[in-house]
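What follows is one structure encoded as structure tokens, with my remarks underneath.
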Amino acid sequence: MDIFVGDVLVMKKNHPGCGNNKMKVLRAGADFKLSCMGCGHMFMIPRSKCEKKIKSVIHESDNCEG
């Protein structure tokens, strides 16, 4: 799965803190550093665990056309 810094991940479940299901990728590698788009909470999660929880990916290049 191709996930890059700046992409937005739509998760299968909502964030327990605020109820938002969109996370922005701040760092990509063996681990992801994600930031909740609702409350701004930042956390690290292993790539293998995160990829199972992703519903869809909104690539940064799709957001800014032009």
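The values are calculated or read from the model by the stated rules, or taken from the named source; none is laboratory data. Just so we're clear, the structure is a prediction, and the values are computed from it rather than from any experiment. Neighbour counts are summed over all protein chains in view; Cβ atoms, including those assigned to glycine, are modelled from backbone coordinates with ideal geometry. SASA here: full protein model, heavy atoms, side chains in, ligands and nucleic acids out. Shrake-Rupley method; radii C 1.70, N 1.55, O 1.52, S 1.80 Å.
Some values worked out for this structure:
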item: Potential lengthening between residue 53 and residue 41 on full extension [0.36 nm per residue; Cα-Cα distance subtracted]; result: 2.6 nm
item: In nm, spacing of pseudo-spin labels at residue 33 and residue 4 (7 Å Cα→C-beta vector); result: 1.9 nm
item: Probe 1.4 Å, all protein chains present, accessible-area order of 32, 4, 43, largest first; result: 4, 43, 32
item: Along the chain, longest interval not containing exposed trypsin sites (Lys or Arg not before Pro), exposed being DSSP loop plus at most 13 other Cβ atoms within 10 Å; result: 14-66
item: Within the chain, helix-based [θ] at 222 nm, where runs of 4 or more DSSP H residues each add -39,500 (n - 2.57), nearest 500; result: -3500 deg cm²/dmol
